[in-house]
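Please read the structure below before turning to the comments.
Read-outs throughout are calculated quantities, based only on the coordinates presented, and are distinct from any laboratory measurement. Remember, it's a predicted structure, so these values are computed and weren't measured experimentally. FYI the Cβ positions are ideal-geometry reconstructions off the backbone, even for glycines, and counts take in every protein chain you see.
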Amino acid sequence: LGLVQVKRDLAGLKLVVSAGPTREYLDPVRFISNPSSGKMGYAVAIEAQARGAEVVLVSGPVNLPDPPGVQVVKVESAVQMYGAVLEAARDAQMVVMTAAVADYRAAEPKSEKEAKTAGEVSIQLVPNPDILAALGREKGQRVLIGFAMETHAGVERAAGKAQRKNADFILLNYPTQEGTAFGGDDNQVTLVRPDGQHEAWPRLSKREVAARLLDEALKVYMRHSV
Ligand code: CTP
Ligand code: CA
């Protein structure tokens, strides 16, 4: 009576999920970032917690409430996210990287705001560490999942990333679909494996995408642990 049946199929597992953008400060008041809303990662955290997992959500700056029952670690920069994800992942069985990690940061961020000058300026950028690739180098039994947004050659590029980063699969999407991807409540993704095998999922709510992602992650985990 009034009870809903909830699958607890992730009980006993620890999952780390990253979400949102990172901010790479040029000076105390200016940064490089991207429009990631964090909704996809928060949906994964909420769904995994509901299914019994211990969840650590490493989040860049977003406008979303902390999900109840989830350990939330707030970060700003890619370097901070790298530290927080690697630390939380040590005893985790699954890591899902939904975060839109900035690829570069300022080589020498200014400690003071400087006035603009009339002419052109250039900023020296250096590459950020790749969190998923770092996890992939010491993979063990852990399930590693990435996301990729591509404008072209999506399957090929996503498979290449899964291979290079040693991820089990990548969920690929395109920035052009109305109501999906950045900021939307729905998502239309294609699951891409390192060998190029892929399957397109229908347009679903981000919560439903999270549910399917976790079904697939659990299958991979079972296969690894036999
Ligand atoms: N990723 C990461 N650390 C980074 C960059 C990306 O962990 N410094 C993760 C993302 O969270 C995502 C996956 O890698 O799960 C793919 O991200 P993407 O930006 O598509 O890959 P890149 O290798 O940065 O390739 P690109 O040059 O296309 O941006
Ligand atoms: Ca990138």
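Values as computed for the structure displayed
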{"item": "Convex hull per residue volume in Å³, alpha carbons only, for the stretch 67-167", "result": "169"}
{"item": "3J(HN,Hα) from dihedral phi, the stretch 101-110, Karplus parametrisation 6.51/-1.76/1.60, rounded to Hz, x for glycine, proline", "result": "6, 4, 6, 9, 10, 5, 5, 9, x, 7"}
{"item": "The chain, helix-only ellipticity at 222 nm - DSSP H runs n ≥ 4, -39,500 (n - 2.57), divided by all residues, nearest 500", "result": "-8500 deg cm²/dmol"}
{"item": "Nearest-20 debye value, the stretch 17-102 charge dipole, Cβ charges on Lys, Arg, Asp, Glu", "result": "160"}
{"item": "Dipole axis of the chain (+1 Lys, Arg; -1 Asp, Glu on Cβ), positive-most option in SER18, GLN188, ALA217", "result": "ALA217"}
{"item": "Tensor-based shape of the stretch 144-216 (alpha-carbon gyration tensor, a/c under 1.5 rounded, otherwise prolate or oblate)", "result": "oblate"}
{"item": "Packing-based ranking, highest mean first, of 101-109, 211-219 given that Cβ atoms within 10 Å are counted", "result": "211-219, 101-109"}
{"item": "Share of alpha-carbon pairs per 5 Å distance bin for the stretch 1-95, given as whole %", "result": "3, 14, 23, 21, 16, 10, 6, 4, 2, 1, 0, 0"}
{"item": "Two-site label geometry, VAL126 and ASP91: point separation in nm, points 7 Å out along Cα→Cβ", "result": "3.3"}
{"item": "For the stretch 1-149: relative contact order, % (alpha-carbon pairs under 8 angstrom, 6 or more apart)", "result": "29"}
{"item": "At least 30 Å along the helix axis (C-alpha) and Kyte average at least 1.6, DSSP helices within the chain", "result": "none"}
{"item": "Size of charge dipole - the chain - debye, nearest 20, with Cβ of Lys, Arg +1 and Asp, Glu -1, no other charges", "result": "420"}
{"item": "Percentage relative contact order, the stretch 1-72, counting C-alpha pairs under 8 Å, at least six apart", "result": "38"}
{"item": "For the chain: lysine pairs under 22 Å (alpha-carbon distance), excluding those fewer than 8 apart on one chain", "result": "17"}
{"item": "Rg over Rh [alpha-carbon atoms, Kirkwood Rh] for the stretch 119-166", "result": "1.15"}
{"item": "Semi-axis lengths, Å, the stretch 76-127, gyration tensor of Cα atoms, sqrt of 5 times eigenvalues", "result": "34, 11, 8"}
{"item": "Considering only the chain, percent of DSSP beta bridges that pair antiparallel, nearest 5", "result": "35"}
{"item": "Farthest positive-ward along the stretch 102-203 dipole, Cα basis, beta-carbon charges - from ALA107, HIS198, ALA158", "result": "ALA107"}
{"item": "Translational D in µm²/s for the stretch 61-100 (Stokes-Einstein at 25 °C, 0.890 mPa s, Kirkwood Rh from C-alpha pairs)", "result": "214"}
{"item": "Gyration tensor verdict on the chain (Cα atoms; rounded if a/c is under 1.5, prolate if a/b is larger than b/c, oblate otherwise)", "result": "prolate"}
{"item": "Ranked list, fewest to most other Cβ atoms within 10 Å of each Cβ, for PHE169, PHE147, PHE182, PHE31", "result": "PHE182, PHE31, PHE169, PHE147"}
{"item": "Per-residue Cβ neighbour rank within 10 angstrom, fewest leading, ARG203, ARG23, ARG223", "result": "ARG223, ARG203, ARG23"}
